[in-house]
Ligand code: HEC
C-alpha cells in the first residue's frame, strides 16, 4: 500500500469515528468476510428461473389480440362499484379526473407531465370492450398505449374488473343514462 493510500485509509478510519468495521472493507487490500459470494443486505434478489410459476398461480400477459375475448366475471353490483370507485380514486382519478373526463390534476398541471390523457366518457371515441379496459389497466404498454403507465403490479384480482365496472358506470352517467349509480 502506497503512502497516499495509507494516508487515505487513516483518514477514512478517522472519519468513521470508532467504527473501523464500516471502513475496512472498502479497502481492497484487506480480506474481510464481507467479500464473499452472498446476497448483500438490500441487494436485488436473484431473478426467478425462467418459466417459474408463483404458488398463487400464473398469469398470462395481456395482449391486443386476446383482450376483447376476456369475459368480465364481476357483475356490476353496488359492492363491485363501491370497490371500483375506491380503486379508481386511488389510481386513475389523478389523470382521468373524477368523472373520467380526462381532467385530473396531473393531466391539467401546466399541460401536464401526462398530456394526452383521454376522456373515458367521450362517446366520440371508439368504444372499448370490458376486456380491453381490463387489459389497459393491467398493462397499457402491451396494449400499444405507451403513454399510460401499467397498473397490473398494483391492482390485483377482482379489483381490476371492479374498476372496469366503475368506468362503465361513469360512461353511463355521462350519457345521462340510468345505470346502477
Ligand atoms: C399517469 C396518468 C394516468 C393514470 C394514472 C391512468 N391513466 Fe389511463 N390513460 C392515460 C393516458 C396518457 C392514456 C392514453 C394512452 C395512449 O394513448 O398511449 C390513457 C388511456 C386510458 C384508456 C383508453 C381510453 C381510450 O378511449 O382510448 C383507458 C380505458 C384508461 N386509460 C383507463 C385507466 C384506468 C381505469 C386507470 C386507473 C387504473 C388509469 N387509466 C390510470 C393516463 C393515465
In degrees, nearest 10, the alpha-carbon axis of helix 78-87 is tilted away from the dominant principal axis of the alpha carbons of the chain by 40
Order these peptides, 129-135, 45-51, by their mean beta-carbon neighbour count within 10 angstrom, highest first. 129-135, 45-51
Using Cα-Cα distances under 8 Å and only pairs 6 or more residues apart, what relative contact order does the chain have, in percent? 21
Helix axis angle, 130-139 relative to the chain longest principal axis, alpha carbon, degrees: 10
Could you give the radius of gyration (one decimal) and Dmax (whole number) of the Cα atoms in segment 64-174, in Å? 13.1, 39
Going 7 Å from the Cα of residue 175 in the Cα-to-Cβ direction, what parts of segment 121-145 have a backbone nitrogen less than 19 Å from that spot? 121-134
Once both label points are put 7 Å beyond Cα along the C-beta direction, the residue 154-residue 53 separation in nm becomes 3.0
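Rule-based calculations on the coordinates, nothing more; no lab input. Note that the coordinates shown come from a computational prediction; the quantities given were computed from them, not determined experimentally. In this analysis, Cβ positions are derived from the backbone assuming ideal geometry, glycine residues included, and neighbour counts consider all displayed protein chains.
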